[in-house]
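Asks: Okay, here's the structure, questions in a sec.
The values are calculated or read from the model by the stated rules, or taken from the named source; none is laboratory data. Quick caveat, the model's predicted, so the values are computed rather than measured. Cβ placement follows ideal geometry from the backbone for every residue including glycine, while neighbour counts extend to all protein chains displayed. Areas reflect the complete protein model, heavy atoms only, side chains present, ligands, DNA and RNA absent. Shrake-Rupley method; radii C 1.70, N 1.55, O 1.52, S 1.80 Å.
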Amino acid sequence: METLRHRIWCGVLCALALLTAWATPLAAQDRFRFEADIAPAEPDARLAADMLDLPGPVIVIRDTDSAPPGWRVEAPDGAVLAHIGSSWEIARTVGYSGRPIDMLVAVTPDARIASARLMRHSEPILTLGLSDADIARFVGGFGGVDLTAPLQSAALAEAGAPDIISRATVSTGVIRDAILRVGRTLALSRGILDAGRIDRVSYTPSDWDTLLEQGAITRLHLDMTQAAEGLAGAEPPLEPGDGTFIELFAAMIDPPTIGRTILGQQSYTHAVGGLPADKVGLFVGSRGLYSHRGLDWRKSGLFDRLEVVQGDLRLPLLRQGYTRIDKLAKGAPELKERSLFQIGGPGFDPAAPFQLALTARRPGAQGEVTMTAALDYALPETYLNPLPPEPIPLWQETWERRKWAVIGVASMQVLLTLILLAQEWIVRRPKLWFRLRLGFLSVTLIWLGWGVNGQLSVVQVVAFVQSLLSGFRWETFLIEPVIFTLWAGVALGLLFWGRGVFCGWLCPFGALQELLNQAARRLGVKQIAVPQPLHERLWIIKYTLFIAILALSFYSMKDALILAEAEPFKTAISLRMIRAWPFVLFVLVLLTAGLFIERFYCRYLCPLGAALAIPAKLKIFDWLRRRPQCGRECRLCEPKCTVGAIDPLGRINPNECVLCLRCQVIFNDPNTCPTLKRRARAAQQKATA
């Protein structure tokens, strides 16, 4: 029997290894292509109008010139109504399942999220048991979020989520994070948030030299030698020397400290009073031989000697928006020419660095000779309002919010560790062991399961494998702190004790089965003893089910999640039986079977137990004690085992054992164990002889 079981086990491991070896390169190869193959959702005019709650027609324009790309929604008169972005295109948002989540997010020019629409997902908690209306309501609830205060607004949006949605913390957290990231990225990249970054209120008296030192005023100086070299070939040629060809100054006047220091109070008030909302004022002054204005602008309306450059954006300076400045404030240097230009428009960020490009032209023997020089300008941070705070990473916020639940889970794991380390002392006191076990299982079911939703699932195992192939992200698994803490403890427990750390003590559904079976025994329900040969053959079901779910996930995550509904955990624990009747009926059938066969589901059907049994082969210690007489002279422990993990020869199968310690209580009880009874009688006879 041992040889047959060993061969069966080796066959299962080999099949799993072959399956993984075959699927992994294909899946990894597909992962390199699937991001490029998946196109982002695209809004049409009807969808855009619906997202913005507009009755009339709108125009949707693909905006690929901006980074990141998106869509611009305009009214028939050309007014920009909103910007729409895809979460998959902008943020490459991947959910807990390891597959894309794609939402369209519309941001209005006043830095608010007008609407959000879920377009694509493969999330396990959302796949079954929820209606489309519930999901749409949750995603759509982020409409109206103020991106200047994203955390407060998002909290209000989530407050109206259905209770069944709010329990799906991982998936809904990913959705929430994606919506806020896309909304903020759109607002920043389209200049919506930056439009208000310039501090147009604060004023501190200053002077020209201080502003020059700060970088609020920047300076470019070209002497005659530099000009002669740059304009080589000009007729007549320029004569090199130390004289000034041009000394150019530039400054943004919108901050009152800069504007009033350069122009004076009265001129500054007049200048900024006429600035359009999407424009800023740029002061340009110069002295020297060369004029920054020239004369051609009077005919063409274009100041062809100057140009503002920001990245790939080039903004010409036009007569419209130009003001000649006749006098500067006291303390400013004597300048030959003083000009004020209005600059800005789509794509220009006044808070970001830019260049003022100067082009000098002279006639030459072979045609016109030109020279270009650039003056770099960046508005100092002193004159900028701070950006809206970067949202706290979702996983950090979640851990802070659920820290007491995490402490509770960690405390349970510490207590369980102490119980298992002190098992020799505990199992010699049957009443203490029994009360301790029932109490621990009650806490596991009521608080850990129904209270904080701490039920592990085979879906999480599949998601972990998928994430290893598609790009592992710790943040994805840190989003749910209770589940992460549980898995961390279970991973360590697998090395020291095997799968029983979770299955026997920390699984809420397992606790529910055992507590119900204890109640059934008290009421006199007769237990069914499954013949050992049939019992061992039924183990094949759960291992086959796990392999099928894992293999199917490589082909279709959605189909794998449907097959994973063989787990009753979501219905019985996470959703507290608030689900469609077929799912509830399935749970009731399993629990009813468990009244007659203790832990029926754990024994034969649980794919998570099968998944944990595989790495549990690596466990370091064997804490359960046996005697040579076990299975030969005594088979009392075999029928008493919670999950039938003891074979007729008295050996404990570590792949099936849930560490309930019941066999160890019998092993150490001198009033129950036949071997100890015989030893006691022999000792008594020897003493009386």
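Asks: What number of residues in the range 231-247 are open to solvent by 30 Å² or more (accessible area, probe 1.4 Å) and touching a residue at least 40 places away in the same chain (Cβ under 8 Å)?
Replies: Narrowing the range 231-247 to residues open to solvent by 30 Å² or more (accessible area, probe 1.4 Å): 232-233, 235-237, 239-240, 242-244.
Filter once more, so that each one left must be touching a residue at least 40 places away in the same chain (Cβ under 8 Å): 232-233, 235, 243-244.
Number satisfying all stated conditions: 5.
Asks: Quick test for you: out of Gly285, Gly281, pick the one residue that is touching a residue at least 24 places away in the same chain (Cβ under 8 Å), buried (at least 23 other Cβ atoms within 10 Å of the Cβ) and under 43 Å from the mean Cα position of the chain (by Cα). Give the steps one after another, and end with the answer.
Replies: On the way: Gly285 fails: under 43 Å from the mean Cα position of the chain (by Cα).
On inspection, the qualifying residue turns out to be Gly281.
Asks: Out of the residues in the range 377-415 that are part of a helix (DSSP H, G or I) and among the small types (Gly, Ala, Ser), state the one that is nearest to Phe245 (Cα to Cα). Explain how you work it out, then say what you get.
Replies: Our first condition is that a residue be part of a helix (DSSP H, G or I); within the range 377-415, this holds for 381-383, 394-401, 403-415.
Pick out the ones that are also among the small types (Gly, Ala, Ser) and you get 405, 408, 410-411.
Details: Ala405: 72, Gly408: 75, Ala410: 74, Ser411: 77 Å.
Checked the range 377-415; the qualifying residue nearest to Phe245 (Cα to Cα) is Ala405.
Asks: Which is of a type in the set (Gly, Ala, Ser), open to solvent by 30 Å² or more (accessible area, probe 1.4 Å) and within 30 Å of Pro670 (Cβ to Cβ), of Ser411, Ser442?
Replies: Exactly one residue qualifies, and that residue is Ser442.
Asks: Now, a different point. Mind listing whichever residues of the range 306-346 are within 30 Å of Thr64 (Cα to Cα), of a type outside the set (S, T, N, Q) and crowded, with 16+ Cβ neighbours inside 10 Å?
Replies: Leu306, Glu307, Val308, Leu315, Leu317, Gly321, Phe341, Ile343, Gly344
Asks: Please enumerate the residues belonging to the range 647-689 that are of a type in the set (Lys, Arg), closer than 23 Å to Phe502 by Cα and either open to solvent by 80 Å² or more (accessible area, probe 1.4 Å) or outside any helix (DSSP H, G or I) (or both).
Replies: Taking the range 647-689 as the starting set, the residues that turn out to be of a type in the set (Lys, Arg) are 651, 662, 677-679, 681, 686.
Next, only the ones that are closer than 23 Å to Phe502 by Cα stay: 651, 662.
Hit for the range 647-689 is Arg651, nothing else.
Asks: Something else now. Counting only residues that are open to solvent by 80 Å² or more (accessible area, probe 1.4 Å) and in contact with a Pro (Cβ under 8 Å, 6 or more places away or on another chain), which one in the range 618-642 is modelled with the lowest pLDDT?
Replies: Residue satisfying both the conditions and the ranking: Glu633.
Asks: Please go through the range 377-389 and pick out each residue that is open to solvent by 100 Å² or more (accessible area, probe 1.4 Å) and either of a type in the set (D, E, K, R) or in contact with a Ser or Thr (Cβ under 6 Å, 6 or more places away or on another chain) (or both).
Replies: Result: Glu381, single match.
Asks: Which residues, taken from the range 248-275, are in contact with a Gly (Cβ under 8 Å, 6 or more places away or on another chain) and either among the hydroxyl-bearing types (Ser, Thr, Tyr) or open to solvent by 20 Å² or more (accessible area, probe 1.4 Å) (or both)?
Replies: Residues satisfying the conditions are Thr261, Tyr268, Val272, Leu275.
Asks: I'd like the full set of residues that are of a type outside the set (Phe, Trp, Tyr) and over 20 Å from Arg603 (Cβ atoms), limited to the range 494-503.
Replies: Selection gives Leu495 alone.
Asks: For the range 390-408, which residues satisfy the criterion of being of a type outside the set (Val, Ile, Thr), surrounded by fewer than 18 Cβ atoms within 10 Å (Cβ to Cβ) and modelled with pLDDT of 90 or more?
Replies: Lys403, Trp404
Asks: Tally time: how many residues in the range 57-85 are farther than 19 Å from Ile179 by Cα and either among the β-branched types (Val, Ile, Thr) or assigned to a loop (DSSP other than H, G, I, E, B) (or both)?
Replies: 14
Asks: Using beta carbons and a limit of 6 Å, which pairs, at least six apart or on different chains, have the first residue in the range 591-615 and over 15 Å from Ala529 (Cβ atoms) and the second one outside any helix (DSSP H, G or I) and of a type outside the set (A, V, I, L, M, F, W, C)?
Replies: Leu612/Arg499; Ala613/Arg499; Ala613/Asn655
Asks: Looking at the range 647-670, which of its residues are under 25 Å from Ala593 (Cβ atoms), without any contact (Cβ under 8 Å) to a residue 60 or more places away in the chain and β-branched (Val, Ile, Thr)?
Replies: Ile652
Asks: Select from the range 502-520 the residues that are among the small types (Gly, Ala, Ser) and open to solvent by 10 Å² or more (accessible area, probe 1.4 Å) and list them in ascending order. Steps first, answer last, please.
Replies: Quick first cut of the range 502-520, residues among the small types (Gly, Ala, Ser) only: 504, 510-511, 519-520.
Listed by number, the list holds a single entry, Ala519.
Asks: Could you please find all residues in the range 302-338 being touching an Asp or Glu at 6+ places or on another chain (Cβ under 8 Å) and more than 15 Å from Gln355 (Cβ to Cβ)?
Replies: Of everything in the range 302-338, those that are touching an Asp or Glu at 6+ places or on another chain (Cβ under 8 Å) and more than 15 Å from Gln355 (Cβ to Cβ) turn out to be Leu302, Asp304, Gly331, Arg338.
Asks: Given (1) open to solvent by less than 50 Å² (accessible area, probe 1.4 Å); (2) touching a Phe, Trp or Tyr at 6+ places or on another chain (Cβ under 9 Å); (3) under 28 Å from Gly259 (Cβ atoms); (4) modelled with pLDDT under 85, identify the lone condition not met by Ala157.
Replies: Looking at each condition in turn, Ala157 falls short on (3).
Asks: Filter the range 204-236 down to residues that are among the small types (Gly, Ala, Ser) and touching a Pro at 6+ places or on another chain (Cβ under 9 Å) and give me whichever is modelled with the lowest pLDDT.
Replies: Taking the range 204-236 as the starting set, the residues that turn out to be among the small types (Gly, Ala, Ser) are 206, 215-216, 227-228, 230, 232-234.
Now restrict to residues that are touching a Pro at 6+ places or on another chain (Cβ under 9 Å): 215-216, 227-228, 234.
Numbers: Gly215: 94, Ala216: 95, Ala227: 91, Ala228: 91, Ala234: 85.
Restricting to residues being among the small types (Gly, Ala, Ser) and touching a Pro at 6+ places or on another chain (Cβ under 9 Å), the top hit is Ala234.
Residues checked against (1) of a type in the set (A, V, I, L, M, F, W, C); (2) out of contact with any helix residue (DSSP H, G or I) (no Cβ under 7 Å at 6 or more places or on another chain):
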residue	(1), (2)
Leu512	yes, no
Leu515	yes, no
Arg522	no, yes
Val530	yes, yes
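Asks: Within the range 54-80, how many residues turn out to be open to solvent by 90 Å² or more (accessible area, probe 1.4 Å) and modelled with pLDDT of 90 or more?
Replies: Number satisfying all stated conditions: 1.
Asks: Mind checking which residues of the range 414-429 are open to solvent by 50 Å² or more (accessible area, probe 1.4 Å) and more than 37 Å from the chain's Cα centre (by Cα)? Step through it out loud before you land on a result.
Replies: Kept after step one, since they are open to solvent by 50 Å² or more (accessible area, probe 1.4 Å), are these residues of the range 414-429: 414-415, 417-418, 421, 424-425, 428-429.
Those that are open to solvent by 50 Å² or more (accessible area, probe 1.4 Å) and more than 37 Å from the chain's Cα centre (by Cα): Leu421, Glu424, Trp425, Arg428, Arg429.
Asks: Something else now. I need the full set of residues from the range 366-376 which are surrounded by 13 or more Cβ atoms within 10 Å (Cβ to Cβ) and of a type in the set (Val, Ile, Thr), in order please.
Replies: Val369, Thr370
Asks: Looking at the range 379-399, I want the residues that are under 30 Å from Leu356 (Cα atoms) and have a partner that is basic (Lys, Arg) with Cβ atoms under 6 Å, at least 6 apart or on another chain. Which pairs are those?
Replies: Leu384/Arg197; Asn385/Arg197
Asks: Of the residues Ser286, Ser300, Ser291, which single one is at pLDDT 90 or above, over 24 Å from Glu247 (Cβ atoms) and out of contact with any Pro (no Cβ under 9 Å at 6 or more places or on another chain)?
Replies: One residue alone meets the criteria, Ser300.
Asks: A further question follows. Exactly one condition in (1) within 31 Å of the chain's Cα centre (by Cα); (2) charged (D, E, K, R); (3) assigned to a helix (DSSP H, G or I) is not met by Arg435; state its number.
Replies: Result: Arg435 fails condition (1) only.
Asks: Sticking with this one: What are the residue pairs meeting all of these: first residue in the range 622-646, first residue closer than 12 Å to Arg662 by Cα and part of a strand (DSSP E or B), second residue of a type in the set (Val, Ile, Thr) and open to solvent by 70 Å² or more (accessible area, probe 1.4 Å), Cβ atoms under 7 Å, and 6 or more apart or on different chains?
Replies: Short answer, once both residue conditions are applied: none.
Asks: Are any of the residues in the range 597-604 among the acidic types (Asp, Glu) and open to solvent by less than 20 Å² (accessible area, probe 1.4 Å)?
Replies: Residues of the range 597-604 among the acidic types (Asp, Glu): 598.
From what's left, open to solvent by less than 20 Å² (accessible area, probe 1.4 Å): 598.
Yes, some residue in the range 597-604 is among the acidic types (Asp, Glu) and open to solvent by less than 20 Å² (accessible area, probe 1.4 Å).
Asks: Here is a further query. Can you tell me which residue within the range 502-525, out of those that are aliphatic (A, V, I, L, M) and in contact (Cβ under 8 Å) with a residue 24 or more places away in the chain, is nearest to Leu612 (Cα to Cα)?
Replies: In the first step, residues of the range 502-525 are kept if they are aliphatic (A, V, I, L, M); the result is 506, 511-512, 515-516, 519-520, 523, 525.
Of the ones still in play, those that are also in contact (Cβ under 8 Å) with a residue 24 or more places away in the chain are 506, 511-512, 515-516, 520, 525.
On the way: Leu506: 13, Ala511: 17, Leu512: 20, Leu515: 22, Leu516: 24, Ala520: 28, Val525: 31 Å.
Here the answer is Leu506.
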